[in-house]
Every structure is written in structure tokens, then in C-alpha cells.
1. Among the listed residues 13, 39, which satisfies the condition of being of a type in the set (Gly, Ala, Ser) and modelled with pLDDT of 95 or more?
2. Quick one: how many residues across segment 53-94 are touching a residue at least 60 places away in the same chain (Cβ under 8 Å) and either out of contact with any Leu (no Cβ under 9 Å at 6 or more places or on another chain) or more than 27 Å from residue 127 (Cβ to Cβ) (or both)?
3. Return the total of residues in segment 30-66 being within 24 Å of residue 143 (Cα to Cα) and either among the hydroxyl-bearing types (Ser, Thr, Tyr) or part of a loop (DSSP other than H, G, I, E, B) (or both).
4. Listed residues 124, 117; which is touching a helix residue (DSSP H, G or I) at 6+ places or on another chain (Cβ under 9 Å), free of Cβ contacts under 8 Å to residues at least 60 places away in the same chain and not charged (D, E, K, R)?
5. Considering only segment 105-216, give the helices (runs of 4 or more DSSP H) lying wholly within it that have at least 2 residues that are of a type in the set (Asp, Glu).
6. Taking segment 155-182, which residues are among the β-branched types (Val, Ile, Thr), out of contact with any helix residue (DSSP H, G or I) (no Cβ under 8 Å at 6 or more places or on another chain) and surrounded by fewer than 16 Cβ atoms within 10 Å (Cβ to Cβ)?
7. Being within 22 Å of residue 159 (Cα to Cα), hydrophobic (A, V, I, L, M, F, W, C), surrounded by 15 or more Cβ atoms within 10 Å (Cβ to Cβ) and out of contact with any His (no Cβ under 8 Å at 6 or more places or on another chain) is the requirement here; does residue 20 meet it?
8. Scan segment 127-147 and give yes if some residue there is over 30 Å from residue 179 (Cβ atoms) and aliphatic (A, V, I, L, M), otherwise no.
Amino acid sequence: MWLKYLIFLAGASLFRTETVDKVSSDYWSWRLSISREFSTSIGTYKYNDRLDSYTYEKLEDMKVEVDGFLKRLTLVNSSSLVGEKLISFKVLKEILENVRDGYEWKDYQPLNPINFLELWFYGLDIFVSAQPFDTEGDFVNYVRRIEEGPRQIEEMINLSRRAIANGHTSHNASVSRVPGNIDDMVKPPNESALYSPLKKDNASAILGKNANICPKRALVSG
């Protein structure tokens, strides 16, 4: 009897190959990969040349990924966890379950990224302030990000159109100031807040031979 029990335990352990540390680490890496601007804001610069995606399809992709992480958590032997490991397991599981359960409401708030308190529609200064400008690569990444702006805004507009079609738009109070904010941003390119990093005293020294190329690309993008 005991032999059968030990064989059962050994067999069960073969299927519990995940650890809470590994799943947590992989989840965090994935989270940063889809939240590139947030990643920059906390000092992780791997995605500094890219902006977040706002496609409708991304919502389904996120659910698939979250379902995968939840499945991996079932392979963690949670009964052996204590202290911080157990807390980490429970917190991660709750986060993933909340995202999974929230998928039911994907046609509401996620379709309304445009408001006067966030992103491009709040002001360009906040976009600039999150970027590092310590190396030539930082400037190149920054210009690449600006070049992605039209794509990102078009994706936001497409989501908003879907929200309008569904009758699930945000309250007027959150969007009524957006047109005025946009009007305030419309300036000659070299007067835009987006161009300001390229006018700093250290920009030419850092950019070296590309001192003329990056500003030209920024002017075209802005």
C-alpha cells in the first residue's frame, strides 16, 4: 500500500514542474512587453523604441496569454508553499483571474482609451518626460517612438469607433476637453514639446554625426 502511495506521489510530482518564481518572472516579462510605455516609466528600457498596441485583437491575445499563465499555476505545488512564496502565488493567481474575468467586459472601458487625463490627449510633456536622453541610442529610440505615434492614434480611433457603434462610450466629462488639448498641441514642429529634447545643449554632443538626422526625422514625424 505504501509503495503504491509513493509511486503515486512520484508520478504526481512529474507533472508539477512549474515554480511560482518562474511563472511570476515570465508573467512580469510579458506584462512589460505589452506595456512598453509603462516599462519605460519604471526604468526598463528594452522597449523604448516602441509604443503600446491598441488593436482590438490584442484583447483576445491577452486572454490567451493569461489563460496560459493560469494553467501553468496549476502545475505549481501550492500545498508546499509557505510565507512569501505562498503570498506571491495567491496574489499572482488573483491578478490573472481578475484579468480573465474582466475579458467579459472588453467592449466597455478598453474601447475608450481617449480621455483628457492620459496619453497623447493629456499633453506631450508627459510623453517626453518619461524618456531617457543619456545616449545616442536613447535619442534614436525616442524618434522611432514618435514615428509610431500615428499608428497608435489610429488604433485608438478604431477602438473608439467600435465603442460608438456598441453604444459603450465614456461619459462626455472625460472626453469633452480632448479637442481643446489637441488644439493646444498644434504648433510648428520645432516648437512642439516633442522636439524639445533635441534642442537641449547636450543633444548635439551626444548625437555626434547624427546631430542633424534625428532632428529632421523628429520634424517629419511631429
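1. On the way: 13 fails: modelled with pLDDT of 95 or more.
After ruling out the rest, the residue left standing is 39.
2. The initial filter retains those residues of segment 53-94 that are touching a residue at least 60 places away in the same chain (Cβ under 8 Å), namely 53-56, 75-77, 81, 85, 88-89, 92.
Filter once more, so that each one left must be either out of contact with any Leu (no Cβ under 9 Å at 6 or more places or on another chain) or more than 27 Å from residue 127 (Cβ to Cβ) (or both): 53, 75-77, 81, 85, 88-89, 92.
Number satisfying all stated conditions: 9.
3. 19
4. On the way: 124 fails: free of Cβ contacts under 8 Å to residues at least 60 places away in the same chain.
Just one listed residue meets the conditions, 117.
5. Working: elements: 124-129, 136-166, 172-175, 178-185, 201-207.
It comes to 136-166, 178-185.
6. We begin by selecting, within segment 155-182, every residue among the β-branched types (Val, Ile, Thr); these are 157, 164, 169, 175, 178, 182.
Checking the rest, the ones that are also out of contact with any helix residue (DSSP H, G or I) (no Cβ under 8 Å at 6 or more places or on another chain) come to 157, 164, 175.
Result: 157, 164.
7. Working: within 22 Å of residue 159 (Cα to Cα): no; hydrophobic (A, V, I, L, M, F, W, C): yes; surrounded by 15 or more Cβ atoms within 10 Å (Cβ to Cβ): yes; out of contact with any His (no Cβ under 8 Å at 6 or more places or on another chain): yes.
For residue 20, the condition - within 22 Å of residue 159 (Cα to Cα), hydrophobic (A, V, I, L, M, F, W, C), surrounded by 15 or more Cβ atoms within 10 Å (Cβ to Cβ) and out of contact with any His (no Cβ under 8 Å at 6 or more places or on another chain) - is not met.
8. Of the residues in segment 127-147, the ones over 30 Å from residue 179 (Cβ atoms) are 132-141.
Subsequent filtering for residues that are aliphatic (A, V, I, L, M) retains 140.
Yes, segment 127-147 has at least one match.
The values are calculated or read from the model by the stated rules, or taken from the named source; none is laboratory data. Remember, it's a predicted structure, so these values are computed and weren't measured experimentally. In this analysis, Cβ positions are derived from the backbone assuming ideal geometry, glycine residues included, and neighbour counts consider all displayed protein chains.
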